[in-house]
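Comments concern the structure below.
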Protein chains: 4
Amino acid sequence: MAPSSVIVTSRFHESITRHALRSYLSEFISTFFYVFLVVGSGMSSRKLMPDASLNPTSLVVVAIASAFALSCVLYIAWDISGGHVNPAVTFAMAVGGHVSVPTAIFYWVAQLIASVMACLVLRVIVVGMHVPTYTIAEEMTGFGASVLEGILTFVLVFTVYAARDPRRGPMSPNGILLVGFVAGAGVLAAGPFSGGSMNPACAFGSATIAGSFRNQAVYWVGPLIGATIAGLLYDNVLFSSFPTELSEGIGV
Amino acid sequence: MAPSSVIVTSRFHESITRHALRSYLSEFISTFFYVFLVVGSGMSSRKLMPDASLNPTSLVVVAIASAFALSCVLYIAWDISGGHVNPAVTFAMAVGGHVSVPTAIFYWVAQLIASVMACLVLRVIVVGMHVPTYTIAEEMTGFGASVLEGILTFVLVFTVYAARDPRRGPMSPNGILLVGFVAGAGVLAAGPFSGGSMNPACAFGSATIAGSFRNQAVYWVGPLIGATIAGLLYDNVLFSSFPTELSEGIGV
Amino acid sequence: MAPSSVIVTSRFHESITRHALRSYLSEFISTFFYVFLVVGSGMSSRKLMPDASLNPTSLVVVAIASAFALSCVLYIAWDISGGHVNPAVTFAMAVGGHVSVPTAIFYWVAQLIASVMACLVLRVIVVGMHVPTYTIAEEMTGFGASVLEGILTFVLVFTVYAARDPRRGPMSPNGILLVGFVAGAGVLAAGPFSGGSMNPACAFGSATIAGSFRNQAVYWVGPLIGATIAGLLYDNVLFSSFPTELSEGIGV
Amino acid sequence: MAPSSVIVTSRFHESITRHALRSYLSEFISTFFYVFLVVGSGMSSRKLMPDASLNPTSLVVVAIASAFALSCVLYIAWDISGGHVNPAVTFAMAVGGHVSVPTAIFYWVAQLIASVMACLVLRVIVVGMHVPTYTIAEEMTGFGASVLEGILTFVLVFTVYAARDPRRGPMSPNGILLVGFVAGAGVLAAGPFSGGSMNPACAFGSATIAGSFRNQAVYWVGPLIGATIAGLLYDNVLFSSFPTELSEGIGV
């Protein structure tokens, strides 16, 4: 019977194999481009309209960029690293036992470094503009904003779980698109209230480069809790013993 | 020969098995998020532009949110509850015999509670903003608005039936996306005239929290009739005895 | 040896079988909803902004409505009538021998009646608004507008042919979406110049209800020629003897 | 042992077979329509709003047109020419050995002629409007703009490689859509800074017709380098010896 320290060491070794290293690189690339495109589109609409935070067109710009970018980066990372691209997804999967804790930690590191790098590159090449950070509307409480981000992250992570579920039927290939789409809808719904981050890495990177960690907790606590509840609910209640007969018995 | 009361009891029992309960939970989750994202995006664009009901950009915001959200929530509910997420769909399926009446009633209850809950949560976390309700343009009659909502619900439900049809060919996986897309197009076409609800649950939830049931009948009568006609036409005329040879005989 | 009158009679009989009648109904339904959603979204944005023809947001509204609506109505008609929903597509397929001339004529009749009906219903239920017609920018010539509509119809029909081609590989299911997408892109590119109809039925219906057939020829000549060239080029040059080895030899 | 001149001749002969000629025609058609729709939508939004370069709605117009058009033209060229439609993609594939150098040269010629033709047709039929060229924001350096275009081309080409990879799982059919989507997100992120070309052919064609090659190098150097790095990284690091077990071992 192996002592637990051996198990820990073995799990750590698993986390630094060649395959695992490729996974971290994959998470790095995908998170880098997701943050680059989302934060870049925010800067882009701010450049065109300096009071952009007051205009619904900017909301459309960032929402479409988020939707399109997320679908794409999930696609390129899907078969290598599992396509997390979001510390909240990784957290939920670690809690649910789908990835080991050391792997989750390496994923987080890759995601956070990628996000900081993306914002840094934007800051350097777009001379004279600040990287925008996620902010909360004046009338919102920090708790309300956290609940809002948590609810949106719930549906995002629930969709990720559905997209990875091999028991899904012929609609399965759309999973990747729909995770992106629901992120876009989330930005449209939450944009002027809490920003619609749904991704702690995104909020962390822009805050690091902008040098302002105000309300940072909002973008971590809500999403991590929302993601974990979504994962546990999916695994243990809705799809615990999913019988294929059911789907044929109900509906057309 | 079983007396009808036995059949009724047995059908009722079927409606409270573990699988059935999971279906109601699934309808609850999907309807909650659909209403949350659609009504939230309406509040979001209203926040950015207080006279938002007069601006086409708000229309784009709500239409994209509706399309993206509906596709996603159908996807996560598709294999569990059949992905109704709409009392009009459930009504048409009950009339067409695809779901039993007790099941349909439980679906309605789940959908309506979910919608009220979604609007309530939005009302609570977004302090100081009212939940917007669906309204009819001044020059429209209630009858005209009901016909408009009915026509749009017709094409929505027709697409749902097509998406669930196992006889569809290789284009089948797109069904879920297209139900969302046609909902988005419906919002774009009907937005300033009747709101483009196409979903009685959506109209009911926002009216309940806003405390105004003015014109509520418009958002029930039209959609329920439109959905039922779509379902009956699909089952009995267009696809009653669909021969696979036909699709090869016409077209490229 | 059958005299040609017998062949004609037999072809005519083929055109009125039960399956054929279902095809016409399918074309009617799909064209009705396509025109309803596209023209409706034009009225919708005009309602919100009376000088809508001068605003790029209206362009986005109509373009997204066109894209989403076309994908959806093609999907519901695809396996029944072949999903033409456009007299230009039917014309090209008749020239290319994919549908018989009597069938093509019945398709045209169904499409044109559907378009007129859709505009009539919009005119009746939206009290006090005129149905917008397709117009040509002042500085454009009729010939230039016709060429523009023809070029856009070319790529639309070429995509329809690709989507129906059974030799396409795993990307095939996206065909329906992409026909809608390219229609949306066409509206974005041609909107303020010629309207971006790409569908004679759409232009005919709105002109009939508005009572103005000015420049109607532009929306027929260009699209019919563009569609025919696209069909002939696809059948005879690009995919005449498509060898599957080729696709593996080039590219990744 | 064949002298190298024989190999060159044989490779050249391969480049002018009937299949190869069809590939060039396919690249020509797809590039023509991509440039036509993207540059056309830029002219369209400029027509509606003469100071369009200052408005985020124009950004949405061009981004959606780019996304929808690129997905569509890749689809129609995918099985014939491999769906490059972009000199940067062709360059990366030539460097990676996926296409021979003579073929790559013919592809470039087809792509560049197509782009010039598309801009010429637009210039002729839209009387009195200039073809817009890609420009760099005042505060940006040429180097910064080139890096920005290179980064966006990297993710575009990486997605193209992923979409062509036969080892991809059930999500594979979405590849074509996602290449278009990421191009749209790129326009949203880079529009007001460097234009978001990500395609040297697009920049070359509009510059040729507008008669201004200012900053043209920016739209060649960055994309060619970004595309090449993406291709090499994909082939040699991330997917060099992709084991199918991995994708099952990580994630849900």
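Taking every pair of alpha-carbon atoms in the protein assembly as shown, give the share separated by more than 49 Å as a whole percent. Tail of the P(r) past 49 Å holds 18 percent of the pairs. Computed from Cα atoms, the angle from the helix D:218-233 axis to the main principal axis of chain D rounds to 30 degrees.
Note: the range A:130-205, Cα convex hull, 96 Å³ per residue. Heavy-atom accessible surface of A:K47, to the nearest 10 Å², is about 70 Å², with a 1.4 Å probe and all protein chains retained. Positive-end ranking of D:I29, D:Y134, D:G83 along the dipole of chain D, with charges on Cβ about the Cα centre, is headed by D:I29. Here B:D165 sits with roughly 10 square angstrom of accessible surface, probe radius 1.4 Å.
Under the combined filter of DSSP loop state and at most 14 neighbouring Cβ atoms within 10 Å, the range B:164-215 retains these chymotrypsin sites (Phe, Trp or Tyr not before Pro): B:F213.
Summing -39500 (n - 2.57) over the DSSP H runs of n ≥ 4 in chain B and dividing by its residue number, what mean residue ellipticity at 222 nm do you reach, to the nearest 500 deg cm²/dmol?
Theoretical 222 nm ellipticity from helices: -24000 deg cm²/dmol.
Under 8 Å for C-alpha pairs, at least 6 residues apart: give me the relative contact order for chain D, rounded to a whole percent.
Numbers: 364 pairs, mean separation 66.5, N = 252.
With pairs under 8 Å counted, the relative contact order is 26 percent.
Placing unit charges on each Cβ (+1 for Lys and Arg, -1 for Asp and Glu) gives the protein assembly as shown a dipole about its Cα centre, and among C:L122, D:A67, C:P56 the Cα reaching farthest toward its positive end belongs to C:P56.
When chain C is treated as a Gaussian network with alpha carbon springs shorter than 10 Å, the biggest mean-square fluctuation among C:A69, C:A118, C:A94 belongs to C:A94. Inter-chain Cβ neighbour count for C:76-88, averaged per residue, equals 5 (cutoff 10 Å, partner chain atoms only). Placing a pseudo-label 7 Å from each Cα along the Cα-to-Cβ vector at D:V101 and A:L120 gives an inter-label distance of 3.8 nm.
When +1 charges are put on Lys and Arg Cβ atoms and -1 charges on Asp and Glu Cβ atoms, the dipole computed for chain D relative to its Cα centre reaches about 560 debye. Computed from the C-alpha gyration tensor, the three semi-axes of the ellipsoid equivalent to chain C are 30, 23, 17 Å, from longest to shortest.
In this label model, A:V237 and D:S212 are separated by 6.0 nm, measuring between points 7 Å along each Cα→Cβ vector.
Exposure check, 1.4 Å probe, all protein chains in place: C:I29 carries approximately 10 Å² of accessible surface. Overall, the protein assembly as shown carries a charge dipole of about 180 debye about its Cα centre when +1 sits on the Cβ of Lys and Arg and -1 on the Cβ of Asp and Glu, all other atoms neutral. Springs join every pair of Cα atoms under 10 Å in this Gaussian network model of chain D, and among D:G142, D:G205, D:G128 the largest mean-square fluctuation is at D:G128.
Taking the centroid of alpha carbons for each part, the range A:178-224 and the range B:63-96 are 28 Å apart.
The largest accessible area among C:L120, B:L112 belongs to the first residue in C:L120, B:L112, and the rest follow in falling order (1.4 Å probe, all chains). Whole Å is fine, so just give me how far the alpha carbon centre of the range B:18-57 lies from that of the range B:114-138. Comparing the Cα centres of the range B:18-57 and the range B:114-138, I get a distance of 9 Å. Over the range C:57-195, Cα pairs under 8 Å with separation of 6+ residues give a relative contact order of 41 percent. Starting from the label point of B:T17 at 7 Å along Cα→Cβ, the same points in the other copies fall at 4.1, 4.1, 5.9 nm, in ascending order.
The values are calculated or read from the model by the stated rules, or taken from the named source; none is laboratory data. Since we're looking at a predicted model, the values are computed, not measured. When we count neighbours, we look across all protein chains shown, and the Cβ atoms used for this are built from the backbone with ideal geometry, even at glycine. Just the protein is used for accessible areas: all its heavy atoms, side chains included, with ligands, DNA and RNA removed. Shrake-Rupley method; radii C 1.70, N 1.55, O 1.52, S 1.80 Å.
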